[in-house]
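Asks: This is the structure I have questions about; it appears just below.
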Amino acid sequence: MPCRSGLGIIVFMRPFEQILTDWLKPRLAAAFPDSPVPLAKMAVVVAAANPEFGDYQCNGIMGAAKAMRRNPREAAETVLAGADLPDCVEKAEVAGAGFINFFLKNDALAAAAGEIARDPHCGVPQIGAGKTVVLDYSSPNVAKPMHIGHIRSTVIGNALDRLHRFLGYRVLSDNHLGDWGTQFGIIIMGFRNFVDEAALRETPVEELERIYVKSYEQSKADPEWLAACRRELVKLQGGDPDNLALWKRFIALSMDEFDKIYKRLGVRFDLVRGESHYRDQLAGLVARLAELGLARESEGAQVVFLEEEKLLPCLIRKSDGGYNYATTDIATVLNRVEEFKPDRIVYVTDERQQLHFKQFFAVVRRLGVTTELVHVWFGLMRLPEGTFSTRQGNVIKLERLLDEAEQRALALVQSSSPEMPAETQKEVARAVGLGAVRYADLSQNPQTLITFTWDKALALNGNSAPYLQYACARIASVRDKYRDRFPAGDYEAAPIRVEEAAGRALALRLARFSEAVIRATETYRPNVLADYLYDLSQAYSSYYQNVPFLTAPEGVRESRLHLSAVTERVLRQGLGLLGIETPERI
RNA sequence: GUACCUGUAGCUCAAUUGGAUAGAGCAUCAGACUACGAAUCUGAGGGUUGCAGGUUCGAUUCCUGCCAGGUACGCCA
């Protein structure tokens, strides 16, 4: 992996899979001059599935050989015949039906670990340099408390945010608040008739929710009330000063509460532009779509038909003259494209909005926008007894989840670290509890539904954030003891040597960090990184258990401390990308 | 009715996007602290990958049909 100039300065470093792929390409091109399978696909090298098959493997030859009616094993032998292996490879062999397996030199693994320690990005290439991504996530509705259903968009979106930045992308995170919908007519009526000012001072957002629910129920039972709600909405949208003042107050109260949660979760946005930010552009947008012949009237509404895309029609203006979210979303894309010139716009929402995104993406395409648009959707959060909803009253507030997590973590810290000062215990419990909640969500494939249980969300052992945090704390603890006992020692200057099996397995995991980061980002699945970190951590725990540090002979001791330090660095960096803190001691 | 998603060990989830003997955690059972943190480690049992076909050297992955669950289908977001 290390690539040095003659002066011993690091020029660049590449992951092993990249080195091996590049090595394979010209050889495959020579062996298969007329292959119908593209070289780029044939030459892909991936981590080996099983240690007995080496460290990395290439599976592409079998497909190509098949397409050309050649014997795959013989074809693979031909490729390897020259035997001028890359420096990092100990041996390469053909196995099974026509796999090529690569076994790396221990020295190469040791050197790679050393490079990761020195590289500011832990060996991860800056593949996003020069590219801009707008990331749209969280986006809660004003006047409703955030509940456990909101955690997914916020936590997944935030992890994607951090991952992209780490890869060198310019990221603009935008919290597209629901601050301009039909709900405000209902809330204003609720406010005028039911508000309890004392409650509004005590728990503002809960009170707003209460009056919303009450007014909503009344609107379903009473057509007069519903009509009044509509009138209030039209007044608001028409700029009525009283309603505007109320609306602004609702937003301010909600934002205060959202900000508290974002602060606890370590989430910050570059932009907070709610739907209302685009409200003056909606009429012009609809007119433009009509002029272009894209939109036309249907049943009193303005609609874009999407038969070519085999999609249902997209409604952009209601028959009562009001606009809906599709219109706002289209306007938002146009603004972002013009203002930020992004290469890509990524949205993180739940699965229910898939059709909506396909529809308004299609409309935007017809307007000539070529920016890549991605909808990252995730499965709904459910309770064991079924879905939850505000109206059923079975929601679990996000704040309560976070409080509970910190409490459980505190109990654990107090029992296992009684000597720790109370203030520190509290701080550690915060990091451990919130880390557990984040990890429980991020370690699962986003596209599956999550059934919420307290035990799962707050797990503190096994495959959980505290397991990873524990590994970090243990490394830090050994490092401090080393400094006590060997004040003159400098393990960071000592070379890393890879000898025993557990150390080799650990170094191999470290070399795969960049692959995990890139794949997690490109597939929009933070769980890929979470899986990697857990695997790395297991490799370390095993190493720790099987190999002495402080009682090892000089040299070996320093090498092991050094390898531990690299592991710590990658773990802290990786967990940081998931938004999980790693206290020195836990 | 149409479209999308999910179905893997008792439970919760993986499986490098078509690769080799389908892997982890929890739970169960058996071991390991007079060493550097046992929030840990070592090992065992546990599988017709919903069912039935198909495509090919090779399928949890792709195609078709069923079954079960979830979600969405013009004026909510």
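Values in this text are rule-based calculations from the coordinates and carry no lab data. Computed from a predicted model, the values in this text were never measured in an experiment. Glycine gets a Cβ as well: all are built from the backbone with ideal geometry, and neighbour counts include every protein chain shown.
Asks: For A:Thr332, A:Thr551, which order do you get if you count the other beta carbons within 10 Å of each Cβ and list the fewest first?
Replies: A:Thr551, A:Thr332
Asks: Sort the following peptides by mean Cβ neighbour count (other Cβ atoms within 10 Å, averaged over residues), highest first: A:452-464, A:477-489.
Replies: Those peptides, ordered most packed to least, come out A:452-464, A:477-489.
Asks: Roughly speaking, what % of Cα-Cα pairs in the range A:79-167 are separated by over 15 Å, rounded to a whole number?
Replies: The calculated P(r) of the range A:79-167 puts 75 percent of pairs beyond 15 Å.
Asks: On a 0 to 90 degree scale, rounded to 10, what angle separates helix A:325-340 from the longest Cα axis of chain A?
Replies: Between helix and principal axis, roughly 50 degrees.
Asks: Restricting things to alpha carbons, find the Rg to Rh ratio for chain A using the Kirkwood radius for Rh.
Replies: Taking Rh as the inverse mean 1/r over Cα pairs, Rg/Rh reads 1.04.
Asks: Something else about it: So what is the 222 nm mean residue ellipticity for chain A from helices alone, if each DSSP H run of at least 4 adds -39500 (n - 2.57) and you divide by all residues, rounding to the nearest 500 deg cm²/dmol?
Replies: -17000 deg cm²/dmol, from helical runs alone.
Asks: Specify which residue in the list A:Leu401, A:Cys472, A:Trp454 is farthest towards the positive end of the charge dipole of the range A:372-483, using unit charges on the beta carbon of Lys, Arg (+1) and Asp, Glu (-1), about the Cα centre.
Replies: A:Cys472
Asks: Computed from the mean reciprocal separation of all distinct C-alpha pairs, what Kirkwood hydrodynamic radius does the range A:405-473 have, in Å?
Replies: So the Kirkwood estimate lands at 12.4 Å.
Asks: Follow-up. Post the alpha-carbon centroid distance, the range A:54-82 to the range A:127-154, in whole angstrom.
Replies: Distance between centres, Cα-based: 45 Å.
Asks: A follow-up question, please. Applying the Karplus parametrisation 6.51 cos²θ - 1.76 cosθ + 1.60 with θ = phi - 60° to the phi angles of the range A:545-559, what ³J(HN,Hα) value in whole Hz is obtained for each residue in order, glycine and proline being reported as x?
Replies: Each residue of the range A:545-559 in turn: 6, 9, 9, x, 9, 6, 9, 6, x, 3, x, 4, 4, 5, 4 Hz.
Asks: Taking a 26 Å limit on the Cα-Cα distance, which of the listed pairs A:Lys25/A:Lys341; A:Lys310/A:Lys341; A:Lys214/A:Lys397; A:Lys220/A:Lys260; A:Lys220/A:Lys456 fall beyond it?
Replies: Violating the 26 Å limit, Cα to Cα: A:Lys25/A:Lys341; A:Lys310/A:Lys341; A:Lys220/A:Lys260; A:Lys220/A:Lys456.
Asks: Tally the DSSP beta bridges in chain A and give the antiparallel ones as a percent, rounded to 5.
Replies: Here the antiparallel bridges make up roughly 55 percent for chain A.
Asks: In sequence order, what are the phi-derived ³J(HN,Hα) couplings for the range A:300-308 according to the Karplus relation 6.51 cos²θ - 1.76 cosθ + 1.60 with θ = phi - 60°, rounded to whole Hz, with x for glycine and proline?
Replies: These are the phi-based 3J(HN,Hα) values: x, 10, 9, 9, 9, 7, 10, 5, 4 Hz.
Asks: Can you pull out the GluC sites (Glu not before Pro) in the range A:411-490 that DSSP calls coil and that have at most 15 other Cβ atoms within 10 Å?
Replies: Counting only loop positions with at most 15 other Cβ atoms within 10 Å, the GluC sites (Glu not before Pro) in the range A:411-490 are A:Glu419.
Asks: Against the longest alpha carbon principal axis of chain A, how many degrees, from 0 to 90 and to the nearest 10, is the axis of helix A:241-265 turned?
Replies: 20
Asks: Hey, how many Å between the Cα centroid of the range A:396-450 and the Cα centroid of the range A:530-549?
Replies: Their Cα centres are 22 Å away from one another.
Asks: With a 10 Å radius around each residue's Cβ, average the other Cβ atoms per peptide and rank A:523-529, A:300-306, highest first.
Replies: A:523-529, A:300-306
Asks: Using amide H atoms built 1.01 Å from N in the peptide plane, name the residues 5+ places from A:Asn175, or on other chains, whose amide H lies under 5 Å from its own.
Replies: The list, which skips near neighbours in sequence, is A:Leu271, A:Val272, A:Arg273.
Asks: If you don't mind, another one. Filter the GluC sites (Glu not before Pro) in the range A:474-558 to those in DSSP coil with at most 11 other Cβ atoms within 10 Å of their Cβ, and list the result.
Replies: Sites meeting the loop and neighbour criteria: A:Glu554.
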